[in-house]
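**Student:** Questions regarding the structure given below will be posed in turn.
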There are 2 protein chains.
Amino acid sequence: MIETIQWTGEGVVMIDQTLLPNQQEFFTCRDYKDVAHAIRTMVIRGAPAIGVAAAMGVAIGIAQADPENLDAQLAVISAELAGTRPTAVNLFWAIDRMNRVYREHRHLAYEALRDRLIAEAQLVRVEDIAINTAIGRHGAPLVPDHKTVLTHCNAGALATAGYGTALGVIRAAVESGKTIDVFADETRPFLQGARLTVWELQQDGIDVKLITDNMAGHFLHSGQIGCVVVGADRIAANGDVANKIGTYSVAVLAKENNVPFYVAAPLSTLDLTLSTGDQIPIEERAAIEVTHVFGVPVAPHDTEVRNPAFDVTPNRYVTAIITERGVARAPYIESLRALMEIK
Amino acid sequence: MIETIQWTGEGVVMIDQTLLPNQQEFFTCRDYKDVAHAIRTMVIRGAPAIGVAAAMGVAIGIAQADPENLDAQLAVISAELAGTRPTAVNLFWAIDRMNRVYREHRHLAYEALRDRLIAEAQLVRVEDIAINTAIGRHGAPLVPDHKTVLTHCNAGALATAGYGTALGVIRAAVESGKTIDVFADETRPFLQGARLTVWELQQDGIDVKLITDNMAGHFLHSGQIGCVVVGADRIAANGDVANKIGTYSVAVLAKENNVPFYVAAPLSTLDLTLSTGDQIPIEERAAIEVTHVFGVPVAPHDTEVRNPAFDVTPNRYVTAIITERGVARAPYIESLRALMEIK
């Protein structure tokens, strides 16, 4: 499996997810502005992967900063990275974490402080893989055997430092001996399902079939889907879940057809400062993502577009939230807080 | 507005809907096999338009047949046309209608019989436009003013001989003075919404915005959608509706959010021989429609695909069915039969 993001001597190296699966090319971020550009243009995407990228962005920014004026430069670097994408809270979580480590080690000599931040960014990456393995371990028992798992977007190795959240649950279910296959929503407009999820699962030899987003309801109604598993970009204190546009629809259709709907996400995706999902900012992206596919126009010239990149699924549609510390169920206001307080 | 289908001295001329909106080219069917090919490859699509094409296909077939052996040739022509696409019942309705006219005029000299069939096919086309105007007249009062209408696929002039069913309702609402705009689902995989509905409504100066299919639920939840209007490919006696894949999902999401869900269709779309929608055959089309967009691959090589072209919306999600003879509401088993029996 190709590495999503790595810290190297050349800079922060990412597989360019805008080009997959047709081209496998790496994008090297040589400074923090490159990292911000990569997040904004979705060279790297997926909430946990964005978190790792932001941590590495802070680290490379400080590593290249003037040692005489670090506080101000950290503020500039943090603001630039924080301005890339508004919805995934892992971005802000990672920037906050790096700022906290910076403050805790501000007394050190510059080289030691720099090395500590680089180590922290690498730790965010390594921890993420371990977290996803734990999510998989908690989620695997929930996946019905001998059925199809439906997933939306890509919450896989490519959306994280490795293994994946939703796809981590699927991988763990397969590793535990279950006989399942996967239906992947193509996930317009950016086609993360078609381009990334199918590719990832093929690499692992997991049986995957591609469907268009509007087929999900038909198959949920057909009885062959045993459960839905998706990732998350931000989860409010009450369990409302912001995730890739279309997730809300899948959740409603799952509930209507009595199919369990699971969200797999690290606790860094929780935003306990928001009481409900209504407060989560939803990014609206450029029209060209909808009007063009790989540069080919699919609509008349000058077509007006709406392009919200995310939607919010109210907690009543969420059967359970699978985290690295265990499975939360309704009422989420209590179960999520309890998981956060585990030491 | 460009004509969808016309009977000309050169043959049956159709705007090639596989090329719209980037290219406006006409495809001339010079024999009935060309017509069958055009239906199969979706040069022409939309249940009422397929009905007109099939009628003209029978007419051109008989017009080019050996007068000595008409019965056998009509059977061959009818079978070839009937084998093109399984779901839209208007195809079979039109073939049956042409066969009935043939039998009723079998006693005539060949030239007179031929001319009668050509006239009948042209009548099917002209009647369809009048039917759609009546559907619009019945449907317009149902459309809430100062709201957005959501539609799926293309049930417009291009899906019919002209004016459209669902888009006919929208056109009639606008003509009646209502201030509405339209959200058009792009309708993967064939993109009839992006390519055809947006283009049609732009031609008419009706405010239309394009969304991906997976955004429909988000906007239905937002409160800005006043109603959904879609067409139909086949309606069972109980009011279950087969229509373009994704319709079921939109219907469930509309009901979940208390948004009226209307189906606009001519009575030729009714199949009273089927007690429920479970008996409607659902066409599964080629994988390449999902894996490629305008020839560009959007998924890894050899991706497995499911590609049902239609789904069935159970009657409990249908607020009303708008026909040329009036509006049917539940219980549909009674209301649809009553409309059929109006003389």
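**Student:** State whether one or more residues within region B:93-115 are closer than 26 Å to B:PRO308 by Cα and either modelled with pLDDT under 95 or touching a strand residue (DSSP E or B) at 6+ places or on another chain (Cβ under 9 Å) (or both).
**Tutor:** The answer is yes, given that some residue of region B:93-115 is closer than 26 Å to B:PRO308 by Cα and either modelled with pLDDT under 95 or touching a strand residue (DSSP E or B) at 6+ places or on another chain (Cβ under 9 Å) (or both).
**Student:** Which residues, taken from region A:182-214, are without any contact (Cβ under 8 Å) to a residue 12 or more places away in the chain, facing another protein chain (nearest Cβ under 7 Å) and farther than 20 Å from B:HIS218 by Cβ?
**Tutor:** Passing the criteria: only A:GLN202.
**Student:** Follow-up. In region B:105-136, how many residues are of a type outside the set (A, V, I, L, M) and touching a helix residue (DSSP H, G or I) at 6+ places or on another chain (Cβ under 6 Å)?
**Tutor:** Residues that pass the stated criteria total 8.
**Student:** So which strands (runs of 3 or more DSSP E) are wholly in region B:260-332 and hold at least 2 residues that are surrounded by 22 or more Cβ atoms within 10 Å (Cβ to Cβ)?
**Tutor:** Answer list for region B:260-332: B:261-264, B:310-313, B:320-323.
**Student:** Right, here's the next one. Among the residues of region A:295-317, which ones are within 23 Å of A:ARG85 (Cβ to Cβ) and in contact (Cβ under 8 Å) with a residue 40 or more places away in the chain?
**Tutor:** Correct list: A:ASN307, A:PRO308, A:ALA309, A:PHE310, A:ASP311, A:VAL312, A:THR313, A:PRO314.
**Student:** Which one of B:GLY217, B:GLY231, B:GLY295 is within 25 Å of B:VAL143 (Cβ to Cβ) and either of a type in the set (Val, Ile, Thr) or over 16 Å from the mean Cα position of the chain (by Cα) (or both)?
**Tutor:** Answer to the check: B:GLY217.
**Student:** Against the condition of a type outside the set (Asp, Glu) and in a helix (DSSP H, G or I), how does B:ALA65 come out, does it pass?
**Tutor:** So B:ALA65 fails the test.
**Student:** Which residues, taken from region A:240-275, are touching a strand residue (DSSP E or B) at 6+ places or on another chain (Cβ under 7 Å), among the β-branched types (Val, Ile, Thr) and more than 14 Å from every other protein chain (Cβ to nearest Cβ)?
**Tutor:** A:VAL263, A:THR269
**Student:** Condition first: over 26 Å from B:ASP271 (Cα atoms) and buried (at least 17 other Cβ atoms within 10 Å of the Cβ). Now tell me which residues in region B:71-115 satisfy that.
**Tutor:** B:GLN73, B:LEU113, B:ARG114, listed by residue number.
**Student:** So, one more: Scan region A:127-147 for residues that are surrounded by 23 or more Cβ atoms within 10 Å (Cβ to Cβ) and closer than 19 Å to A:GLY177 by Cα and jot them down.
**Tutor:** A:ASN132, A:ILE135, A:GLY136, A:GLY139
The values are calculated or read from the model by the stated rules, or taken from the named source; none is laboratory data. A quick note: this is a predicted structure, and the numbers were derived from the prediction, not measured. With ideal geometry, Cβ positions are generated from the backbone for all residues, glycine too; neighbour counts draw on all protein chains shown.
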